[in-house]
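The values are calculated or read from the model by the stated rules, or taken from the named source; none is laboratory data. Source: prediction; values computed, not measured. No Cβ is skipped: glycine too gets one built from the backbone with ideal geometry, and neighbour counts run over all protein chains shown. Each accessible area value is taken on the protein alone, full model and side chains, heavy atoms only, with ligands, DNA and RNA left out. Shrake-Rupley method; radii C 1.70, N 1.55, O 1.52, S 1.80 Å.
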Amino acid sequence: MTEPRRLEAPSTVARVTFFEDRAEVERVATCRVEPGVTLVVVPGVTVVLDDTSLVARVRGTGARVLAARAVRRVRELPELSAAEVAAVEADLKRATQRRARAERQVSRREAARERLAGLIERWAVAVRRAPRGGPAAAGCQAAYATVDSALGETLAALGRDRGELLLAREDEERARLRLAAGRRLHPRYEATLELQVEAAAAGEVELRMSYRAPCALWRPEHLARLTRADGLEELELTTIATAWQATGEEWRDVPVRFSTARPAQADAPPLITDDVLVLRRKSDEERQRVVVEARDQVIAVTGAAGGVRRVDEMPGVDDGGEPQWFAPARPATIPSDGHPMRVAIGAARLPCTVEVVAYPERSLAAYVRATATLQGPAPLLAGPVRVGRGREICGTATLPFVGPGEPFELSLGADDALRVRRRVDEKRETTALTGTQKVTRTVSLFVSNLGSDARDLTLKERVPVSEIEDVQIALVDRGGAEHDARDGFLRFAVAVPGNATRELAYAYRIEAAAKVVLPF
C-alpha cells in the first residue's frame, strides 16, 4: 500500500474570536496538490487546542478533506543556537588565553620577587663581614636601597597580576557555565495539523481550518468621561475589550472578535429537587411574644429610577438573553505572554444630566452622578469603569448590564467641596397601662459647602417600613423632604450657598405592642 504524498503548507491566522474562557482560531493555507490523496501538514498551531473542535474545509474544484487531526510531538533542543554556541565558545577561548597569560605573568613576578629576596639575604651576609665606616659602608647602603626599591615595585606589580588572574579565572568560569547552559537540552512541544486532501485533478486549493483553544479569554471594561460643551453635558463612553492569551501562538495584526457566547455551557437545565415544607404548632411562648427582626431590603428596579426609558421592555440580564458580538475597527496584536492587551470595541457620546447626591447613613461624602440613556443598537456589558471629569481621571466604578434604550446611572467620584454630618437622637417611652412601646428618633443632617460657589445637593435618607400589624411606623416630621411611603425613602433637595452650612432634620416614631421584642 503506497503512502500518500506529503507536503507542508504554512498558514496565516484569518480571524480570532475570543470567548469568556477560550478562543476560536481560524487559519488559511494555500497549497498545490496532485491527483489522488495528499497529506498536507500545517505547522505553527498551539499544543493546547481542543481536538474535538477541529474543523477543516477545502476550496477547490473536485477537492475534499477526508480526515483532519492534530499531531503533537516533543523535540529535544539546545538552549542556544549553533551560532550562539560558537560565540560562547569563542568567548571561552579568549577567557582561557587571558587566564593563561595572567598565570605566566604571576609566575614571572614571583620569580623576580624570590631573586630580589635572595639578593637581600646575601647583602645581609656581606654587611656582617665588611668593616664599619669608610667608603665600603656607604656603597652597601646604596646597594640595599636599590634592591629594596626594586622588591617593593615587584610586590606591588605581583598584587596587580594576582588580581588580574582572579578576574581572568572568574571570566573563564562564567564562559564555561554559559557554554554548559547553552548546550543543555530542553523539551520543545510542537503541534501540527495533518489533513488528508483528495483531489480529482492537480491544482491549487485553499484550506480553511478552525479550532478552539483554552488559555485565552477577554473581559469588558469601560472608560467614561464627563465633558461640557456649549452649556451641555455629555458622557463619553469607550468600551474596551481586555484580552489575555498564553496559547503559544503569536497573533499579530489579525482580525479579532469578542463574543459573550458560551460554547462550553451545558445546554440542559438542572434537575429540580423536592422542597418539603413541614407544619408545626406554635408554642405558648411563641403565641405570647412577637420577635421582630430588622433587615435591609434591596429594592429591585429596572434601569435608573430617574432616567427616561426609550424601549417598552428591558432585555434580560448579562448579555440581554442572546450572544453579543463586538469587533474593533482594525486588526489587533495579542502576544502570547499572558499580559492584558486592551482593544477599543465601541464608543458613544450620550447627553446626560448631572447631580450631586449623598447618602449620609452610608457615607458622609457627596458624589457626582450622571444619568444618561443608552442610544444605539448595542448594549453596554457589565464591567469596571474608569471615570473622569474633563481631562482628569477621578476614580473607578462598576457598570451593570445596560440594554439599548435603557437609562443608567454612573458615579463620577466625590465632590470635595461638600461635607455631610449626621446625628441621631432617640427617645424611648412605654405606656403604663397597655405597655405600648414608643421610640421616637430625630435625625439631624448638617451640610457644609467649603467652596465659594453655591452648590445643589440631593440627600437621600430612609425610614423603616413595617410588615406586621403589631409594629407601626409613622413619619412625624419630614423636614420638607419628598417621602416614598412604600419603600420609606426621603429625598431632600438642598441648595447650599458658598462657605455656608445648612441644617436639615426629620423625625419618625415606632410604636409596638407590649408583646413585641424590638431588635433596636
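What does the C-alpha gyration tensor say about the overall shape of segment 368-459? Classify as rounded when a/c is under 1.5, otherwise prolate if a/b is larger than b/c, or oblate.
Values: a/c = 3.77, a/b = 1.81, b/c = 2.08.
The shape class here is oblate.
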* To do: Under 22 Å Cα to Cα from residue 460, which lysines show up? Leave out anything in the same chain fewer than 8 places away.
  => none
* Asked: When only Cα pairs under 8 Å and 6 or more residues apart are kept, what is the percent relative contact order across the chain?
  -> 16
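How much length would be gained if the chain were fully extended between residue 515 and residue 61, taking 0.36 nm per residue of separation minus their Cα-Cα distance, in nm to one decimal? Before the final figure, lay out the partial values.
Working: separation 454, 0.36 × 454 = 163.44 nm, distance 8.98 nm.
Contour length minus the Cα-Cα distance gives 154.5 nm.
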* **the chain: calculated mean residue ellipticity at 222 nm from DSSP helix runs of at least 4, using -39500 (n - 2.57)** => -7000 deg cm²/dmol
* Per residue solvent-accessible surface (Å²) - segment 6-95, probe of 1.4 Å -> 55
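Kindly state, to the nearest 0.05, the FRET efficiency for residue 250 paired with residue 32, given R0 = 25 Å and r defined as their beta-carbon distance.
Working: r = 26 Å, r/R0 = 1.06.
It comes to 0.40.
Applying 1/(1 + (r/R0)^6) with R0 = 35 Å to the Cβ-Cβ distance of residue 79 and residue 110, what FRET efficiency is obtained, to the nearest 0.05? Please list the in-between numbers first.
On the way: r = 41 Å, r/R0 = 1.16.
Efficiency at R0 = 35 Å is approximately 0.30.
What is the percent carbon and sulfur in the accessible area of segment 51-192, measuring with a 1.4 Å probe over the protein chains and ignoring ligands?
Here carbon and sulfur together make up 54 percent of the probe-accessible area.
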* Structure fact -> Rg (one decimal) and Dmax (whole number) from the Cα set of the chain, in Å, equal 42.6, 138
* **Stretch gain in nm, segment residue 469-residue 393, where the contour uses 0.36 nm per residue and the Cα spacing is subtracted** => 22.3 nm
* Structure fact -> So residue 453 and residue 140, fully extended at 0.36 nm per residue minus their Cα-Cα distance, gain in nm 102.6 nm
* **Accessible surface, 1.4 Å probe, highest first, among residues 515, 282** => 282, 515
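Express the carbon and sulfur contribution to the solvent-accessible surface of segment 436-514 as a percent, rounded to the nearest whole number, probe 1.4 angstrom. Write down the numbers at each step before the final one.
Numbers: 1740 of 4110 Å².
Roughly 42 percent, rounded to a whole number.
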* Structure fact -> Averaged per residue, the 1.4 Å probe accessible area of segment 374-500, protein heavy atoms only, in Å², is roughly 55
* Point-to-point label distance, residue 478-residue 149, nm (Cα→Cβ direction, 7 Å offset) -> 11.1
* When the solvent-accessible surface of protein heavy atoms is calculated with a 1.4 angstrom probe, in what order do 339, 222, 186 fall, highest first? -> 339, 186, 222
